[in-house]
Amino acid sequence: MAVYIEIKKSLVDYIKSNDLKIGDKLPTENDLAEILGVGRLTLREALKVLGEEGLFYTVHGIGTFLSNNFEQINDTIDINLGITEMISSAGYKPGVKMFEKKLVKSRKEITDALNIPENADVFVCKRIRTADNKPIVYSIDYFAPPLVADFLSKNDENISLYKFIEIDMGIKIGNSIAEVMPVNCSEDLAAKLEYKKGEPLLLIKQITYDKKGAPLFFTEEYFRPDRFKISLNRRRIKL
């Protein structure tokens, strides 16, 4: 996954530096692989995934063309990336405007997600996430008990939760179950995200599991739709 992120970031940088527009043709695979300094087969696999995100399309025998703009951060929901990875791979500098850690009483939704007793104390981390210093996401992460002690020792507000779990704790992240829904922007969220009260936001609720199926954390993420776009690859099956 790290290779895919680096190639996506390099492609975004190339597109922006060359001021490419929707419909513009990319260099050939051989030329583009040389420009980006990656292998042709690796580039081809990355372009396939990015095509599923709706960023490019390929016409056999003619070439690959840009099919989306890069003013918004594009991500596909069927690939499990953390917010830091999403922002970095889109060519922006990730950052944090607000960082808050505390214990709260778990409500039923969190209890069910993390398999913890109802009304138990649960550790939560709240952050306003930025891309090039502009707020784009308000994230709320509720931690399963085994993660809490290690996370409390971290004071870096820009910490990538995924890297912390996989590298610092040595836990392999598995699948995630996500729900996507529109919500109206409340007065509190409008202040946090520098957005208009009453305008639509995109809310993603997600449970992230380890490779053995144990829940690691439950997340609520409020995205500004003018700065972030989620794609979903819906595959056709034979009936």
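Tabulated data for the structure shown
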{"read-out": "Those residues of region 76-114 which are at pLDDT below 90, part of a helix (DSSP H, G or I) and not acidic (Asp, Glu), in sequence order", "value": "ILE83, THR84, MET86, ILE87, SER88, SER89"}
{"read-out": "Scope region 123-163; condition in a loop (DSSP other than H, G, I, E, B), at pLDDT 90 or above and either among the hydrophobic types (A, V, I, L, M, F, W, C) or surrounded by 13 or more Cβ atoms within 10 Å (Cβ to Cβ) (or both); matching residues", "value": "ALA144"}
{"read-out": "Boolean, LEU50 is buried (at least 16 other Cβ atoms within 10 Å of the Cβ), on the phi < 0 side of the Ramachandran plot, among the hydrophobic types (A, V, I, L, M, F, W, C) and modelled with pLDDT under 80", "value": "yes"}
{"read-out": "Lone unmet requirement of (1) surrounded by fewer than 19 Cβ atoms within 10 Å (Cβ to Cβ); (2) at pLDDT 90 or above; (3) in a loop (DSSP other than H, G, I, E, B); (4) in contact with a strand residue (DSSP E or B) (Cβ under 9 Å, 6 or more places away or on another chain) for TYR195", "value": "(1)"}
{"read-out": "Filter result for ALA178 (within 18 Å of ASP112 (Cβ to Cβ), touching a residue at least 60 places away in the same chain (Cβ under 8 Å), assigned by TED's automatic domain parsing to the domain that holds LEU152 and over 16 Å from the mean Cα position of the chain (by Cα))", "value": "no"}
{"read-out": "Cβ-Cβ under 7 Å pairs, at least 6 apart or on other chains, region 1-29 side over 23 Å from LEU41 (Cβ atoms), far side surrounded by 12 or more Cβ atoms within 10 Å (Cβ to Cβ) and at pLDDT below 80", "value": "LYS16/PHE70; LYS16/GLY91; ILE22/SER67; ILE22/ASN68; ILE22/ASN69"}
{"read-out": "Options SER186, SER160, SER176, SER139: the member that is closer than 20 Å to ASP121 by Cα and small (Gly, Ala, Ser)", "value": "SER139"}
{"read-out": "Checklist (1) free of Cβ contacts under 8 Å to residues at least 60 places away in the same chain; (2) buried (at least 19 other Cβ atoms within 10 Å of the Cβ) applied to GLY213, failing item", "value": "(2)"}
{"read-out": "Region 115-129: number of residues that are in contact (Cβ under 8 Å) with a residue 60 or more places away in the chain and under 23 Å from THR84 (Cα atoms)", "value": "1"}
{"read-out": "Pick from region 33-44, criterion touching a residue at least 24 places away in the same chain (Cβ under 8 Å) and in a helix (DSSP H, G or I), ranking: surrounded by the fewest Cβ atoms within 10 Å (Cβ to Cβ)", "value": "THR42"}
{"read-out": "Answer from ILE171, ILE207 - the residue that is in a strand (DSSP E or B) and over 21 Å from SER89 (Cβ atoms)", "value": "ILE207"}
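The values are calculated or read from the model by the stated rules, or taken from the named source; none is laboratory data. Remember, it's a predicted structure, so these values are computed and weren't measured experimentally. All Cβ positions, glycine included, derive from the backbone under ideal geometry; neighbour counts span all protein chains shown.
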